[in-house]
Each structure stands twice: as structure tokens, then as C-alpha cells.
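The values are calculated or read from the model by the stated rules, or taken from the named source; none is laboratory data. Please read all numbers here as calculations on a predicted model, not as lab measurements. In this analysis, Cβ positions are derived from the backbone assuming ideal geometry, glycine residues included, and neighbour counts consider all displayed protein chains. Accessible surface areas use protein heavy atoms only, side chains included; no ligands, DNA or RNA. Shrake-Rupley method; radii C 1.70, N 1.55, O 1.52, S 1.80 Å.
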Amino acid sequence: MITGIYSTNVDEKGRILLPSRMRQALQSQELVVLPGLDENHLMLMTPSYFEDRFSQAVLSSDTAMFDSRKRSLIRRLIAPAVYIEQDASGRINIPQNLREQFSILAKTEVKLVGTGYSIEVWNSEIYSKAMEDERESLSSLADELKGSM
């Protein structure tokens with residue numbers, strides 16, 4: 001499982017150093033980067049998770065292409081996904097267009113958030129604001145989950 005919240009800086013070349021614990025949990029030199037589900041961050045995941053689980057959830061039926069909502073998900077999540085490699089030091093270089101779209105700019109601080117199956121990559125200021133906006137208590141969220149277990 002990929003867990004933890006880490007702060008790091010984007011270097012002048014636009015690279016992000018993944019913490020060693022996250023690199024170990026990923027167990028893959030190749031990653032897939034794509035827009036996050038909340039539309040204000042990026043997600044990193046292994047190609048096997050992206051292809052076998054994530055994409056299949058979006059493309060879950062033979063008729064997905066005939067469903068306008070699924071087509072929108074495909075265009076917004078699957079189409080912009082890019083395969084990237086970690087370098088020997090554990091740095092990743094996210095394509096500039098995605099970095100710009102999600103304010104992950106050179107020489108800025110980012111938060112790397114392990115979500116079990118992926119890593120969310122946030123501009124630190126946007127992450128702080130999102131956490132303030134998510135004021136719903138943990139106990140009320142847990143109460144909602146207990147009904148589905």
C-alpha cells in the first residue's frame with residue numbers, strides 16, 4: 001500500500017523526487033500520470049493498476065463508447081494519461097502541460113499523498129485549501145462507510 005503525506009519541491013527542470021518509501025511501495029520504475037478525480041491535482045499509479053483496475057472501471061462495458069458520461073470520463077481521465085519513467089535517483093518528470101494545468105510549477109512546493117493505490121500530486125497551497133474545505137468530520141465519514149461494509 002502507498003501511504004504517507006510528503007512535502008517536496010519541484011526542481012528547476014520540473015522534476016519531482018519521490019520519497020523512498022513511496023518508491024518501494026510502487027515497485028515499478030514506470031508510472032502513469034493522469035488528472036486526479038477531484039480535478040485539482042494529479043495522480044500517479046503503476047501501469048498495471050492503471051490498465052487492469054482503473055481503466056477497466058471507466059471502460060467497464062462493451063457499450064461504454066455509447067454512454068456520454070463514460071465518454072466524458074474517458075476524455076478527461078484516460079486520454080490525458082501519460083506513461084513516465086523514474087530516473088536512477090527516483091525523480092519523475094511530469095509533462096509540462098499537466099504540470100501547468102495543475103499548478104505544479106518549477107521551484108514550487110508540492111504534496112505527495114499516498115492513497116493506497118496511487119499517489120496524489122498537489123500544489124501545496126491548493127492542497128491546504130482543499131483540506132480546509134473538507135471540514136466534514138472523520139466520524140461522520142466513517143458512519144457513512146459502515147453501511148457499505
Being at positive phi and either within 12 Å of the chain's Cα centre (by Cα) or at pLDDT 90 or above (or both) narrows it down to one residue among Gly114, Gly90, Gly36; which is it? Gly90
Can you tell which of Ser118, Ser124, Ser128 is among the hydroxyl-bearing types (Ser, Thr, Tyr), under 16 Å from Leu44 (Cβ atoms) and open to solvent by less than 80 Å² (accessible area, probe 1.4 Å)? Ser118
Members of the range 10-30 found to be out of contact with any Ser or Thr (no Cβ under 7 Å at 6 or more places or on another chain), in a strand (DSSP E or B) and open to solvent by 60 Å² or more (accessible area, probe 1.4 Å), listed by number: Glu30
